[in-house]
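Worksheet: the structure to be examined is printed underneath.
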Amino acid sequence: MGSKELASASSRRTFIKSSTLAGGALAAAAFMSKAHAAGGDTIKIGWIGCGSRGAGAAKNALLADKNVKIVAVGDAFQDRLDSHLAALKKDAKVGEKVDCPPERQFVGFDAYKKVIDSDVDVVLLTTPPGFRPEHIRYAIEKGKHVFAEKPVAVDGPGIRTVLAAVEAAKAKKLSIVSGLCWRYDAGTSDLSKYIADGNLGDVHAIQTCYNTQDLWSFPRKDGWSDTEYQMRNWLYYTWLSGDHIVEQNVHNLDRAALFMKGEYPTKITSLGGRQTRTEEQFGHIFDHFATVFEYANGGRVFSYCRQQKGTDSENRDIIFGTKGRAEWGWSESVVTGEKPTTIKNNLSKAYQTEHDVLFESIRKGEPVNNGDYMCKSTLMGIAGRMAAYTGKALTWEQALNSQEDTMPKNLAFGKLEFPPVAKPGFTKFM
Ligand SMILES: NC(=O)c1ccc[n+]([C@@H]2O[C@H](COP(=O)([O-])OP(=O)(O)OC[C@H]3O[C@@H](n4cnc5c(N)ncnc54)[C@H](O)[C@@H]3O)[C@@H](O)[C@H]2O)c1
């Protein structure tokens, strides 16, 4: 085994160990896929959502196994499909593994069904998250392994759809790997194990922040309907992104769940608003949130996230234990107190490892299912948003059972109402 394989095997082992701690252990090797056990036959990939992260995920998937091909692609928009598919085909490392003739390129709202029905083994789901629940549901119904980018839903009904699909995947012995990439980072995983082994004592609080600048937006072009305009600018609409507390901050909420040893909160209080990003081009989402998650054991997670131009950027977790504290940062974690240590992180490798794990699981017939934490960590963000929008404290069960279905009815390209900005104290919890 060369050093690259050794390193990759080591990061996979670290992941498997930490996933056990997080309650997401690999299932027993009860299932042996006849189709792929030999490793000689081609694993066929369908790719749905040809955007920037999707292009990265597609390349990672193609690098994860010698004998894989992307054989079908789908996107809501022709130009997105064309540009990202052309770029992937030209890629010196993986271009020859792209085998998508025009008859296996699909555009429109039903493109996902056509990709999934194209005799593929595994699908990469990388559209805006509002569509993810239905895409996951249909993929599992049709017996496909899934890579699902984060977050996996934007509202309570979406979470319940994904939870049901996760159970169906377990019964069908299908893999679901989540794009919550930090779980696949060897350093982050090692820190979670260090904490779980008691080196910080009892963890009673975590402060986490994901503060960034403003992000991209696309001016409206002639011919774009309301629906197209919102979808092209999906970050700024709750029905598509869940707001940035879900879309972006889910990474931090998921790490908090990992460091809290897989525990999830019982009560959520949040405040937020829209101070600087108030123009129409920024839809109706907030630009900052401050959220308190309370736990059954008395522990708390304090989460801050902000997207405001000209403000300080920071992505950091501070984990407070009775014997010390750990500061997780983008490139390393530093533990101080009774058992100090420093652990390096490497995100770019994590993006590859998540696909290495997925394809290895398919080859070995040992399904991986990240469903539990990907749903619950997404729900933390949704709960925080609903608590901030309404100004009401929520229980975990209220959030999970929320009846607020944000997906527009009978979605089609055409006129589409622009959702109002939420007003705490006036916006009702549903
Ligand atoms: N894990 C990470 O670090 C990370 C980083 C960036 C983005 N993401 C996630 O990846 C997802 C995609 O983000 P992105 O930055 O690539 O966005 P993007 O806008 O670049 O790409 C999304 C693509 O999906 C297409 N699309 C929209 N609706 C569709 C539908 N109904 N059916 C098929 N295609 C549809 C769009 O046309 C676009 O090409 C999001 O969930 C985002 O949160 C994860």
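In the range 250-293, how many are within 27 Å of residue 319 (Cα to Cα) and out of contact with any Asp or Glu (no Cβ under 9 Å at 6 or more places or on another chain)?
Number of matching residues: 16.
Scan the range 237-254 residue by residue and report those that are acidic (Asp, Glu) and farther than 15 Å from residue 404 by Cβ.
247, 254
With the requirement that a residue be near the ligand (Cβ under 9 Å from one of its atoms), assigned to a helix (DSSP H, G or I), in contact with a strand residue (DSSP E or B) (Cβ under 9 Å, 6 or more places away or on another chain) and not charged (D, E, K, R), what does the range 130-153 give you?
Selection gives 131, 135.
Mind telling me which of the residues 382, 362, 343 ends up being in a strand (DSSP E or B) and in contact (Cβ under 8 Å) with a residue 40 or more places away in the chain?
From the options 382, 362, 343, the qualifying one is 343.
Out of everything in the range 232-258 that is small (Gly, Ala, Ser) and under 26 Å from residue 408 (Cβ atoms), what residue ends up being surrounded by the fewest Cβ atoms within 10 Å (Cβ to Cβ)?
Among residues in the range 232-258 that are small (Gly, Ala, Ser) and under 26 Å from residue 408 (Cβ atoms), the one surrounded by the fewest Cβ atoms within 10 Å (Cβ to Cβ) is 241.
Would you mind finding the one in 119, 91, 110 that is within 16 Å of the ligand (Cβ to nearest atom) and of a type in the set (D, E, K, R)?
110
Within the group 226, 190, which residue is over 30 Å from residue 45 (Cα atoms) and touching a Lys or Arg at 6+ places or on another chain (Cβ under 6 Å)?
Step by step, each of 226, 190 is checked, and only 226 is over 30 Å from residue 45 (Cα atoms) and touching a Lys or Arg at 6+ places or on another chain (Cβ under 6 Å).
Considering only residues that are more than 12 Å from the ligand (Cβ to nearest atom) and part of a helix (DSSP H, G or I), which ones fall in the range 218-235?
If the condition is that a residue be more than 12 Å from the ligand (Cβ to nearest atom) and part of a helix (DSSP H, G or I), then 226, 229 are the ones that fit.
None of the figures in this text is laboratory data; all of them are computed from the coordinates on show. The shown structure was predicted, so the numbers you read here are calculated from the model rather than taken from an experiment. Cβ: placed from backbone, ideal geometry, glycine included. Neighbour counts: every protein chain shown.
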